[in-house]
Structures are given as structure tokens and as C-alpha cells.
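A.B. asks: Structure in C-alpha cells, see below.
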Amino acid sequence: FPLAGSFPCCTSDGDKEAERMDYRAATQNDAQAVAGLAQKLWPGHSISELKEEFAFLLAGQEVVLVLALDGGSPIGFAQCQLRHDYVEGTSGGPVAYLEGIFVERAYRGLGVARELLRRCEAWGRAQGCREMASDCTLDNTASEQFHRHTGFEEANRLICFVKPL
């Protein structure tokens, strides 16, 4: 499967800037770089905590972390995992689940996130998935717009509750 190395871009004509970037699947050696990007997406976690989690995930077979690079420097990533349990709005598993996607601010609006998503979709199809799912919080309008713009359809809205025992 081509995600194992760098491969030519497959962007649309409107994403010329994204075409000059390199994209590849992350390896164990990239855990630190991915953690640095991920910490900007999930600031409630330390880089060392994220590095440990990504190193563990990269050792398995049910996840892909796709890196976007500009001149060899990481500028974005997407994390996609297989989910075998029920996923809201899907017809059955496994489902390719977009766990997170992040692009450095200077590279936003250039098609980089869209290209990262395309590569996650290709990985999901190669894993036998017929559907991809994702989520965002109700107040994250930028994420909601990205999802809608890239072909996701809203499956449901829910409010989660917790109560101490």
C-alpha cells in the first residue's frame, strides 16, 4: 500500500499549494514530530504523553498517522483508526474513524487537510472499510465546516452527561 512511503499528490486543480507538499505515513521514528503537532490540537496533553501514545499506536495495525511535510518539516497530520464497535450513523464495521487532523496555521486553506483526509480515506478503503466517520464538539464550527466541505454528512447531535458516584 503506497502510504508506506512518500508518493505523488492526488489533489484537485484547486489545491496547487498542497501539491508541493510531501505526504507519507508516519513511522515509529516520527512519534515525536506527530506528538508536537498533536499537542497543538489537544493542548490538554503533554508532548511526552502523546509521543508515548503514538509510539504505541504505530506499533499496531489498526491506525495510520499521515504526515504532511514542507521541505521535510512536518506541517500537519491526520490520525485515522479502525473502529469495530458501533459508530453513530454507520451501517457496520469496521469503520475508518478520523480521530484528529491538524495543519499549522500558515498552511491552512491550501488544501493540505483535504489531502491528509484523502490519504486516510485511501487507507480505510485498503482496510476493507465502506464508511468513514468522525466527530467534533458542537462549538467547533471550523471543524464542522471542514467536515461538511469534505463530504461528511451529519449523523446525529448529542449531549454527553457525567455524574460522580
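The values are calculated or read from the model by the stated rules, or taken from the named source; none is laboratory data. Quick caveat: nothing in here was measured; it's all calculated off a predicted structure. Neighbour counts are summed over all protein chains in view; Cβ atoms, including those assigned to glycine, are modelled from backbone coordinates with ideal geometry. When the accessible area is computed, the model is the full protein with side chains, heavy atoms only, and any ligands, DNA or RNA have been set aside. Shrake-Rupley method; radii C 1.70, N 1.55, O 1.52, S 1.80 Å.
A.B. asks: Across region 68-106, what is the number of residues that are open to solvent by less than 50 Å² (accessible area, probe 1.4 Å), without any contact (Cβ under 8 Å) to a residue 60 or more places away in the chain and not in a strand (DSSP E or B)?
C.D. replies: Summing the residues that are open to solvent by less than 50 Å² (accessible area, probe 1.4 Å), without any contact (Cβ under 8 Å) to a residue 60 or more places away in the chain and not in a strand (DSSP E or B) in region 68-106 gives 3.
A.B. asks: Please work out which residue is modelled with the highest pLDDT, limiting yourself to region 46-65 and to residues that are in a loop (DSSP other than H, G, I, E, B) and open to solvent by less than 80 Å² (accessible area, probe 1.4 Å).
C.D. replies: S46
A.B. asks: Show the residue pairs meeting these rules: Cβ distance below 9 Å; 6+ apart or different chains; first residue within region 141-152 and within 14 Å of V112 (Cα to Cα) and open to solvent by less than 80 Å² (accessible area, probe 1.4 Å); second residue of a type in the set (G, A, S) and assigned to a helix (DSSP H, G or I).
C.D. replies: F146/A113; T150/A113
A.B. asks: Okay, next question. State all residues of region 97-109 that are of a type in the set (A, V, I, L, M) and over 18 Å from H147 (Cβ atoms); if no residue qualifies, say none.
C.D. replies: Passing the criteria: only A106.
A.B. asks: I want to confirm something. Restricting to region 15-34 and keeping residues that are assigned to a loop (DSSP other than H, G, I, E, B) and either charged (D, E, K, R) or within 23 Å of E52 (Cα to Cα) (or both), which single residue is most open to solvent (accessible area, probe 1.4 Å)?
C.D. replies: Checking each candidate, the answer is R20.
A.B. asks: Oh, and also: Kindly indicate whether C129 is open to solvent by 50 Å² or more (accessible area, probe 1.4 Å) and assigned to a loop (DSSP other than H, G, I, E, B).
C.D. replies: no
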